[in-house]
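Read-outs: derived from the displayed coordinates by stated rules, not from any lab. What you see is a predicted model, and the numbers here were worked out from it, not measured in a lab. Cβ: placed from backbone, ideal geometry, glycine included. Neighbour counts: every protein chain shown.
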Amino acid sequence: MIRSSWFLTALLTTAIALLMAGSAPAEEAKENVDFEKQILPIFHEHCVSCHGEKKGLGKLRLHTAAALKKKWDADAHLIVVGEPEKSDLYERLVLPADNKKRMPKKADPLPQEKIDLIGDWIKQGAVLPAAEPAQSATAPPSTEPAGDKPAE
């Protein structure tokens, strides 16, 4: 009887410990959101027809990280790092459907899981990929073979 009581106590203690470990905040368990793999596809699917390379309503273009960064540099309220509820980009997604500022306009709201993903990305720092190296401002390289150049 003492052995089975000890076993039940150990079993219950282990079960409680496992349950408590599984109840850690979900935010801690979330992986980092990848802009290019997870956020940019949402923008391409739902936003770039009005906020893309060809059409940049509100001077906002979302077709590339560089285009988003350009607007973000000019408008700090576009994305407030760590605070989606203070970020214009996020707020426009969660406004009531009848609000004229809600995005996307004249379309169904984004699915909640996509809105949550954008919110998570902002909470995690709204990390954009490193910018492409800028093209050199010097003249393009010559196409002449090196042996044909006059000596200086």
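Key figures for this structure:
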quantity: Net lengthening on full extension, Ile115/Asp34 (0.36 nm per residue, minus Cα-Cα); calculated: 27.7 nm
quantity: Residues Ile122, Ile42, sorted so that the one with the fewest Cβ neighbours within 10 Å comes first; calculated: Ile42, Ile122
quantity: Convex hull volume per residue for the range 29-123, taking Cα atoms only, in Å³; calculated: 98
quantity: Given Lys71/Lys114; Lys30/Lys114; Lys59/Lys100; Lys54/Lys86; Lys86/Lys114, the pairs whose alpha carbons are separated by over 20 Å; calculated: Lys71/Lys114; Lys54/Lys86
